[in-house]
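The values are calculated or read from the model by the stated rules, or taken from the named source; none is laboratory data. What you see is a predicted model; the values in this text were computed from it and never measured. Cβ atoms come from the backbone with ideal geometry, glycine included; neighbour counts cover every protein chain shown.
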Amino acid sequence: MSYKVKETLKNEEKEMRAVYCKTLCDMAREDSRICALDADLIGSSGMQAFFKEFPDRAVDCGIQEANMVGMAAGLSAAGMVPFAHSFAPFATRRVMDQIFISCAYGKQNVRIVGSDPGVTAAYNGGTHMPFEDMGCLMSIPKITLIEPCDSVQLEQVIKMLQDAYGVFYIRMLRKNAVGIYEEGSTFTLGKAPVLRDGTDVCIAASGIMVSEALKAAKVLEEQGISAAVIDCFTWKPLDGDTIGNYAQKCGAFVTAENHNVVGGLGSAVAASLAKSHPVPVEMVGVQDEFGEVGTVDYLQERFGLTAAAIVSAAQKAISRK
């Protein structure tokens, strides 16, 4: 793992879905096992170029995600490496049994991509707003759960999965992310990059909340509080070693996720700390609610997914030491 954090945070020029498609195309040119499935969302996932270049390795399954995941398991059994995409609620809770039995229990080699996580579903509203997708899958044995925060990390994750084996869920923002990492950064599944060191409190974040965590750390620094920030882009397996080290170092934790805190990253971090390094934990995330229609900015304010909320949580966690 070798990474460098950008000095200035701003939206990337490339959309995440464009990076997803290009990376799969590059891999497919070299590896005849790579194939793609979609659930009537080729335009939404930005996969038109893949379907055009590799028509014999691309299947539009229509609006039938359960069938799509079953097909992915079958393709795996035939030696292929399938990437199956749908909007996150339909790629997870709608097909829980197929992921559990056909993929995980069947020991198949499948990558499931769920797009528009949490509030990034925006105008698609509560029915399409997945605050529970990672939580639904967390209890499946041996599954790997990943939430890249920007296009650099997404590209590296997709490449890492080319020769990995197992069931993987990638929680992917479709549009422009805030750039966190410099080009050329590399990562290790199950290891959390340390984006900022600190001694008073540690903020564990993922996805769109990584940039909010870095903003919060700067505000806290102005208040005389030293905040570490770690990127828990792998929710399962969680990097218990890094989390434990920072619990010893800081004595207080804040988690920040674009997801329900029930069964989410906060729950996973708290469970890890409870076993070895019990410290105060405050959870910034959706507080057991359903989604609603709105812009991403409005929804982040509505559900408290902001740097300001992280600052308040950090102050509270420190006061509980």
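Residue count for the range 26-44 satisfying the condition of being assigned to a helix (DSSP H, G or I) and closer than 20 Å to S76 by Cβ: 3.
Just so you know, in the range 102-118 the residues that are closer than 23 Å to K175 by Cα and either among the β-branched types (V, I, T) or assigned to a loop (DSSP other than H, G, I, E, B) (or both) include one that is nearest to the chain's Cα centre (by Cα), and it is P117. If you go through the range 54-101 and keep only what is closer than 21 Å to G125 by Cα, assigned to a helix (DSSP H, G or I) and not β-branched (V, I, T), you end up with E65, A88, P89, F90, A91, R93, R94.
Give the residues of the range 71-99 that are small (G, A, S) and buried (at least 20 other Cβ atoms within 10 Å of the Cβ), sorted by residue number. A72, A73, S76, A84, S86, A88, A91, listed by residue number. Restricting attention to the range 138-160, the residues being touching a residue at least 60 places away in the same chain (Cβ under 8 Å) and either of a type outside the set (D, E) or within 23 Å of V284 (Cβ to Cβ) (or both) number 15. Taken over the range 7-37, residues that are under 15 Å from E155 (Cβ atoms) and either among the small types (G, A, S) or surrounded by 13 or more Cβ atoms within 10 Å (Cβ to Cβ) (or both) amount to 17. When L189 is tested against (1) farther than 30 Å from K321 by Cβ; (2) among the hydrophobic types (A, V, I, L, M, F, W, C); (3) assigned to a helix (DSSP H, G or I), exactly one condition is not met: (3).
Inside the range 121-144, residues that are crowded, with 24+ Cβ neighbours inside 10 Å and either charged (D, E, K, R) or assigned to a helix (DSSP H, G or I) (or both) make up a count of 4.
The residues on offer are V95, V119, and the sole one that is in contact (Cβ under 8 Å) with a residue 12 or more places away in the chain, over 13 Å from F290 (Cα atoms) and of a type in the set (A, V, I, L, M) is V95.
Would you please name the residue that is nearest to D197 (Cα to Cα), looking only at residues in the range 5-20 that are within 18 Å of the chain's Cα centre (by Cα) and of a type in the set (D, E)? The qualifying residue nearest to D197 (Cα to Cα) is E12. Is it true that A36 is in contact with a strand residue (DSSP E or B) (Cβ under 7 Å, 6 or more places away or on another chain), modelled with pLDDT of 95 or more and not hydroxyl-bearing (S, T, Y)? In short, yes. The residues of the range 225-276 that are assigned to a loop (DSSP other than H, G, I, E, B), out of contact with any Lys or Arg (no Cβ under 7 Å at 6 or more places or on another chain) and under 25 Å from I143 (Cα atoms), listed by number, are C232, F233, P237, L238, V261, V262, G263, G264. Among the residues of the range 277-301, those identified as touching a residue at least 40 places away in the same chain (Cβ under 8 Å), over 22 Å from L220 (Cβ atoms) and assigned to a helix (DSSP H, G or I) are V296, L299.
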